[in-house]
Amino acid sequence: MSKVNKIKSSKGEQTFDVLNIVLMIVVCFVTLYPIWYTVVLSFNDGTDALKGGIFWFPREFTLDNYKAVFRNRGIITAYTITIARTFIGTFINVFFTAMVAYAFSKKDLIGRKYYIALGTFTMFFGGGLIPLFLLLKSLQLLDTFMVYIIPTMFNFFNLLIFMSFFSTIPASLEESAKMDGANDLVVFLRIVLPLSKPVLATIALFTGVWHWNDYFFGVVYINKSSLQPIQTYLYKIVAEAGSSRMAISNPVGVSKSNVTSNSIKYATMVVTTLPIVLVYPFLQKYFVKGVMLGAVKG
């Protein structure tokens, strides 16, 4: 009987494995094919793509779409804004949030429980878009680069992750440093931060990906085209792809008949998402580690 049960269990396990493999293949196909389809159309002649029937490979290969994208000054400017806000915003957010989290990790901090309860409340309830818009307007941040930086300087969820990690650092290290005359700022900069490289990398990755992918700030808080990030630029291209109002930049050597609004849209989507798609697989382990850090109660 035991042999029969083992045979049945082995057959059941094999069936389960086969179903899992088939399911994962389907999921991977559904996930990756839209990306592949976008890349294919971005390399295909725009006029020819309007005929349809392109599924796996370009029918009429061309680089005219990408020539038009990279000769467009608006896209280059938007790329510059995105890169600048990603690096500056990530650095300020990580440093400021880590500094506040270091103070919150001290159990003798006056009003610590009140501040944590207040911050937790803001994770579930917000003031809304209109009050935030009016606040930023009163601070004269609208249509300025700092609207990407100042409102995103602090994130309470990231603070909880920092607190969980800081609680694992032995208190004896800080005590010995203070006995040598170091104050809290010196301890934070020279002891805590060097020991916190894993969590710093995790939060920097969270924040950097958000800054790179965000289009909402550019749509709501920015009217100047010179300050709009690449994702906002892509959003407008997608929104206006079927509109005759969209102007297509045709550089030297590019035939206007071969470049359409749709071909520009697909090429811009590839150019916009390619950097983060290439970086993410190598840094995914930090995302997983960040989730695990956030799951540890400090």
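Where does region 116-249 land on Rg(C-alpha)/(2.2 N^0.38 Å)?
In units of the 2.2 N^0.38 Å rule of thumb, it is 1.46.
Going highest first, how would you order 262-268, 202-208 by mean Cβ packing within 10 Å? Don't skip to the answer; put the middle values down first.
Numbers: 262-268: 24.3, 202-208: 22.4.
With the highest mean Cβ count within 10 Å placed first, the list reads 262-268, 202-208.
Just to confirm my numbers, what's the Cα centroid distance between region 17-56 and region 186-210 in Å?
About 38 Å separates the Cα centre of region 17-56 from the one of region 186-210.
Could you give the length gained on full extension between Arg112 and Lys224, defined as 0.36 nm per residue of separation minus the Cα-Cα distance, in nm?
Stretched out fully, the Arg112 to Lys224 stretch lengthens by 36.2 nm.
Place the peptides 61-70, 167-176, 83-92 in order of packing, highest mean first, counting for every residue the other Cβ atoms within 10 Å and averaging per peptide.
Ranked by mean Cβ neighbours within 10 Å, highest first: 61-70, 83-92, 167-176.
How do the peptides 122-132, 98-108 rank, highest first, by the average count of neighbouring beta carbon atoms within 10 Å per residue?
98-108, 122-132
Over 28 Å apart: what share of the alpha carbon pairs of region 22-161 falls there, rounded to a whole percent?
53 percent
Taking a quarter of the surface of the Cα convex hull of region 73-115, what do you get in nm²?
Averaging across all directions leaves 3.7 nm² for the Cα convex hull.
The numbers here are math on the coordinates, done by the rules we state, and not lab data. Only a predicted model underlies this, so the values are computations on that prediction, with no experimental measurement involved. Cβ coordinates were reconstructed from backbone atoms using ideal geometry, including for glycine residues, and neighbour counts include every protein chain displayed.
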